[in-house]
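Reading through the structure tokens given below for one structure.
The values are calculated or read from the model by the stated rules, or taken from the named source; none is laboratory data. Quick caveat, the model's predicted, so the values are computed rather than measured. Here the Cβ positions follow ideal geometry from the backbone for every residue, glycine too, while neighbour counts run over all protein chains shown.
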């Protein structure tokens with residue numbers, strides 16, 4: 001259990017939502033995954049935000065095209081050794097946010113590695129999104145054009161953001177949620193809350209589930 | 001804002017029935033103490049005396065009782081004396097070849113950068129961070145086979161906070177060019193971090209998380225033992241309690257470290273958990289505490305699981321999501337913690353043999369030797385032997401995993417599995433001998449077609465495996481182990497003739 005004091009909402013009883021989306025944040029250690037999430041969920045920023053150990057879970061309900069969408073947000077540890085754990089949570093993710101730090105070239109280069117991990121462990125239909133964080137910093141080494149080019153190469157949308165200045169943070173999650181909603185509407189994805197029978201199922205990680213055995 | 005404010009010490013009323021434990025001298029707060037402040041004062045005096053006498057055994061019982069070692073001035077000396085009694089480190093000896101730079105140092109800096117978030121004084125904060133990096137790098141360079149993990153820094157922070165308490169809390173750094181390290185007992189601090197790492201944290205510092213998972217499985221097995229009902233409803237069999245990893249790897253430091261001024265007295269609980277862990281010399285303790293935390297909240301967890309069963313994509317997510325949400329709120333509840341610690345004090349000090357057998361720990365796990373819950377003194381050389389063996393074993397686990405056990409023949413996998421129970425130098429012998437035994441019996445079986453012999457074969461293999469997996473396997477037994485299958489065959493063959 002990690003990040004224990006940052007819960008935003010307890011799981012609701014009864015249906016106070018129209019659909020649910022499982023979203024994952026991945027990327028190298030220190031790129032600001034947790035900061036983006038805390039900014040989005042609690043509208044706070046703390047540069048000395050605690051390190052994520054293993055996996056953190058948060059929930060936020062948002063309004064997408066008049067529908068109440070419950071976003072299940074899974075924040076992952078960036079250190080390589082936790083990869084075995086974090087990939088277990090890729091299962092059934094409808095959206096995956098790949099984050100790098102625009103002031104750290106290495107984290108940008110590693111995005112391709114993360115992309116590969118996603119392809120190995122996540123559902124093919126999962127909507128991906130590339131995010132270059134810390135756009136407020138003067139020490140930037142990765143340009144927006146470079147980010148754009150990589151996103152194009154990978155065939156996924158791209159956003160630059162700053163959790164510190166609250167630039168484009170909401171856009172990340174709303175853009176992703178809308179893209180997922182479009183996929184759901186065109187029946188490519190089945191929402192978690194909409195139909196248990198139609199759950200997306202992908203090659204499972206370490207934890208076996210009894211529910212997602214439809215395919 | 002100082003840490004005194006952040007950590008705001010309030011004297012609570014504590015259970016006056018302090019702990020007594022088998023094997024320790026009993027300690028009782030005097031019933032005549034009408035208030036807890038007096039009790040605290042009395043305990044402080046007693047601990048000071050024990051420190052003077054270096055009475056480690058009685059100190060242990062102090063650490064286990066309510067309030068633990070009471071305050072950080074006493075605490076740092078108590079930790080030092082206890083850890084010194086558990087391992088003797090001679091700083092003039094180089095136990096293994098050092099390295100100038102360890103592969104994980106970059107990650108250490110990333111995590112140190114995000115530490116000490118609650119400290120406002122920028123000078124002090126940056127010195128604390130530097131000290132954190134220095135202490136961790138020192139360990140990594142001195143014992144290069146250890147791997148840094150995110151969370152280790154949280155544990156080292158607990159030691160730093162304990163040792164620099166009076167500077168951080170009261171005196172501060174005045175004038176500006178004051179050095180923090182000049183104001184704290186660096187020698188003792190370094191010793192404590194090194195000893196604690198070697199004795200308690202080896203399992204977590206391998207090249208993969210396999211041995212950390214083993215410890216998580218102990219939590220499942222403990223729950224099965226204490227509450228089969230919760231265990232079965234919760235379906236632990238199918239799910240490793242991965243949600244517990246942050247708490248376990250950091251001995252709750254990740255959950256209880258103060259990060260903002262609203263955090264009340266949680267740090268006191270954290271220090272007490274460390275007091276208890278070090279006093280018992282037990283890494284079982286954090287696992288038992290986690291089990292008790294779950295069981296204390298079992299009704300709420302079950303309720304939430306039912307209520308949210310259709311909210312999550314799969315059962316694995318459901319459990320993690322619900323437990324994190326429930327514990328998130330509860331872990332800030334000081335009274336819950338007091339309750340859990342009190343229950344833990346009366347719980348068994350270690351997981352039962354049955355539990356450990358179920359989990360099948362690596363045989364050099366800290367849970368079986370240096371932090372097994374029995375007070376003992378270890379030589380660094382012995383610990384390094386354990387560390388070497390664990391490292392080799394971990395590499396084998398990794399290889400097995402990457403090359404895929406399921407694709408291998410079952411027999412090969414079985415023999416390889418068997419290898420994990422034995423020190424590596426006997427592996428080939430034991431594998432070969434067991435194979436000889438099996439082949440010989442199969443041959444005999446072919447010629448005699450005896451069913452009883454087939455049953456004997458099954459018996460031989462299973463008892464052999466049981467023997468080997470026994471954690472206290474002694475060297476004499478190992479020496480002759482390659483002979484045993486042959487002996488067994490001779491014995492088994494005889495009556496059928």
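Data table
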quantity	calculated
Residue, nearest to residue A:55 (Cα to Cα), within the range B:232-251, restricted to residues that are more than 8 Å from chain A (Cβ to nearest Cβ) and more than 11 Å from the chain's Cα centre (by Cα)	B:241
Some residue of the range B:230-244 being in contact (Cβ under 8 Å) with a residue 24 or more places away in the chain and in contact with a strand residue (DSSP E or B) (Cβ under 6 Å, 6 or more places away or on another chain)	no
Residues (part of a helix (DSSP H, G or I) and touching a strand residue (DSSP E or B) at 6+ places or on another chain (Cβ under 6 Å)) located in the range A:95-112	A:107, A:108, A:111
Whichever residue in the range A:64-94 is touching a helix residue (DSSP H, G or I) at 6+ places or on another chain (Cβ under 6 Å) and assigned to a helix (DSSP H, G or I) and, among such residues, is farthest from the other protein chains (Cβ to nearest Cβ)	A:87
Given (1) at pLDDT 95 or above; (2) assigned to a helix (DSSP H, G or I); (3) more than 14 Å from every other protein chain (Cβ to nearest Cβ), index of the condition residue B:38 fails	(1)
Matching entry among B:70, B:99 (being part of a loop (DSSP other than H, G, I, E, B) and farther than 22 Å from residue B:252 by Cα)	B:99
Test set (1) over 24 Å from residue A:54 (Cα atoms); (2) modelled with pLDDT of 90 or more; (3) not in a helix (DSSP H, G or I) - residue B:335 fails condition number	(3)
Matching residues, the range A:113-131, being in a helix (DSSP H, G or I) and out of contact with any strand residue (DSSP E or B) (no Cβ under 7 Å at 6 or more places or on another chain)	A:113, A:116, A:117, A:119, A:120, A:121
Matching residues, the range B:131-157, being in a loop (DSSP other than H, G, I, E, B) and under 22 Å from residue A:85 (Cβ atoms)	B:146, B:147, B:148, B:149, B:150, B:151
Residue B:128 being under 22 Å from residue B:74 (Cβ atoms) and either in a helix (DSSP H, G or I) or in contact with a helix residue (DSSP H, G or I) (Cβ under 9 Å, 6 or more places away or on another chain) (or both)	yes
Failed condition for residue A:97, given (1) away from every other protein chain (no Cβ under 11 Å); (2) under 23 Å from residue B:107 (Cβ atoms); (3) at pLDDT below 95	(3)
Residue B:382 vs. criteria out of contact with any strand residue (DSSP E or B) (no Cβ under 8 Å at 6 or more places or on another chain), closer than 20 Å to residue B:276 by Cβ, assigned to a helix (DSSP H, G or I) and more than 14 Å from every other protein chain (Cβ to nearest Cβ)	no
Set B:298, B:371: member being within 28 Å of residue A:89 (Cα to Cα) and at pLDDT 90 or above	B:298
Any hit, the range B:256-268, residues being closer than 27 Å to residue B:156 by Cβ, surrounded by 24 or more Cβ atoms within 10 Å (Cβ to Cβ) and at the interface with another protein chain (Cβ under 9 Å from one of its Cβ atoms)	yes
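Okay, residues lined up against (1) within 14 Å of another protein chain (Cβ to nearest Cβ); (2) at pLDDT 95 or above; (3) surrounded by fewer than 22 Cβ atoms within 10 Å (Cβ to Cβ); (4) more than 30 Å from residue B:122 (Cα to Cα):
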residue: B:137; (1), (2), (3), (4): no, yes, yes, no
residue: B:150; (1), (2), (3), (4): yes, yes, no, no
residue: B:163; (1), (2), (3), (4): no, yes, no, no
residue: B:169; (1), (2), (3), (4): no, no, yes, no
residue: B:172; (1), (2), (3), (4): no, no, yes, no
residue: B:181; (1), (2), (3), (4): no, no, yes, no
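The rows are residues; the columns are (1) under 26 Å from residue B:81 (Cα atoms); (2) within 13 Å of chain A (Cβ to nearest Cβ).
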{"residue": "B:282", "(1), (2)": "yes, no"}
{"residue": "B:297", "(1), (2)": "no, yes"}
{"residue": "B:323", "(1), (2)": "no, yes"}
{"residue": "B:340", "(1), (2)": "no, no"}
